[in-house]
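The values are calculated or read from the model by the stated rules, or taken from the named source; none is laboratory data. Owing to the predicted nature of the structure, the values given are computational and were not obtained by experimental measurement. Neighbour counts are summed over all protein chains in view; Cβ atoms, including those assigned to glycine, are modelled from backbone coordinates with ideal geometry. Please note that ligands, DNA and RNA were not included when accessible areas were found on the heavy atoms of the full protein model with its side chains. Shrake-Rupley method; radii C 1.70, N 1.55, O 1.52, S 1.80 Å.
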Amino acid sequence: MSSSSDSIPTHIAIIMDGNGRWAQQRGLPRLKGHEAGAETVRHVMRYCRAAGVRYLTLYAFSSENWARPPLEVLGLMSLLKSFLRDNEAEFHENQVRLRVIGRRSDLESSIVRELERVERATAAYTAGQLILALSYSGRGELVQAARAMAEKVRRGELRPDRIDETVFAAHLYAPDVPDPDLIVRTSGEMRISNFLLWQCSYSEFYVTPVLWPEFREPDFRAALEAYQQRQRRYGRVADKV
Ligand code: FPP
């Protein structure tokens, strides 16, 4: 856990919000906003690489997003497929590991196959990680961890009195990934929206009014600068950190 914030965050997590509004402002269908948002993802991966951010988690599709109009859901899923197709070469070139967190069984099987193929193909890379939250819900992640531990207790593999924060965290989707140092949300909304509820305990929050499709390097730099001005105390007093 990094205690000094005068550095580059190890892990940035982003709530990519505002695609729909961006499209609406231009009289375009919402899907055009998501397409432009996928383009922003490509840019942001590069900014992270250039800045030395090692983990980037993107809230690409929440469990609640299934309730959107079927055509929008379909469009987002097909965008995900083309995102994988268009970016796989870049993952290999830059030794970036792709991971997925969320309830992958909710996703169409052809998408799961493709995601898992790229996960396997990039599993040994250590330069950086791109973590896509898909059909993800923070509460859902906590519930599945509780269920996995209950199952171990039932099988006699885990004693209830041994369950502490370390054991709990080991049952999350990506237990080896450090908690996000910085959580960015675009489009001005000041909500966590069921994102990384366990992991965000001591994350710094940065909200920008910029809509996700328009988020570019100066906005990324502004987020880093804001982060560097924060004093991360983790509940302690400043001179003890
Ligand atoms: C929120 O904006 C955004 C989403 C629900 C989807 C995010 C998806 C992408 C950026 C593109 C796909 C990403 C990858 C990694 C392939 P919103 O639609 O809620 O915007 P609004 O609040 O303005 O309506």
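Across segment 24-87 the C-alpha pair distances fall into 10 Å bins from zero in the proportions 18, 47, 28, 7 percent. Convex hull volume of the C-alpha atoms in segment 170-241, normalised per residue: 122 Å³. For Val167 and Ser110, what is the calculated FRET efficiency with R₀ set at 41 Å and r taken between the beta-carbons, to the nearest 0.05? Working from the Cβ atoms, E equals 0.70. What segment 87-241 shows is 54 Å² of accessible area per residue, with the surface traced by a 1.4 Å probe over protein heavy atoms. Put a dot 7 Å past the Cα of Arg216, heading toward its Cβ, do the same for Glu39, and the two dots end up 1.0 nm apart.
Spin-label model, Leu74/Thr126: points 7 Å from Cα along the beta carbon direction are separated by 4.5 nm.
Taking all protein chains together and a 1.4 Å probe, the residues Leu28, Leu132 rank Leu28, Leu132 from largest to smallest accessible area.
Taking 13 Å as the cut-off, no amide N atom of segment 31-57 comes nearer than this to a point 7 Å along the Cα-to-beta-carbon line of Asp176. How much FRET efficiency would the formula 1/(1 + (r/R0)^6) give for Ser82 and Ser201, where r is the Cβ-Cβ distance and R0 is 45 Å, rounded to 0.05? Efficiency, rounded to the nearest 0.05: 0.80. The alpha-carbon positions of segment 86-209 define a convex hull whose volume is 146 Å³ per residue. Take Arg155, project a point 7 Å from its Cα along the Cβ direction, then tell me which residues of segment 61-103 have their backbone nitrogen under 14 Å from it. From segment 61-103, the list is empty.
Loop-located trypsin sites (Lys or Arg not before Pro) across segment 153-241 with a Cβ neighbour count of 16 or fewer within 10 Å are Arg155, Arg191, Arg216, Arg230, Arg233, Arg236, with loop assigned by DSSP.
Residues of segment 133-158 with an amide N closer than 19 Å to a point placed 7 Å from the Cα of Glu64 along the Cα-to-Cβ direction: 133-144. May I ask you to give the percent of accessible area on segment 118-241 that is carbon plus sulfur, with a probe radius of 1.4 Å? Answer for segment 118-241: carbon and sulfur cover 51 percent of the accessible area. Treating each Cα of the chain as one equal point scatterer and applying the Debye formula with no solvent, the log10 of I(q)/I(0) at q = 0.10, 0.12, 0.15 Å⁻¹ comes out as -0.49, -0.72, -1.12. Along segment 217-229 the Karplus relation, 6.51 cos²θ - 1.76 cosθ + 1.60 evaluated at θ = phi - 60°, assigns HN-Hα couplings of 3, x, 6, 5, 4, 4, 5, 5, 5, 4, 4, 5, 8 Hz to successive residues, with x for each Gly and Pro.
Evaluated with a Cβ-only charge set (Lys, Arg +1; Asp, Glu -1), the chain carries a dipole of roughly 300 debye about its Cα centre, given to the nearest 20.
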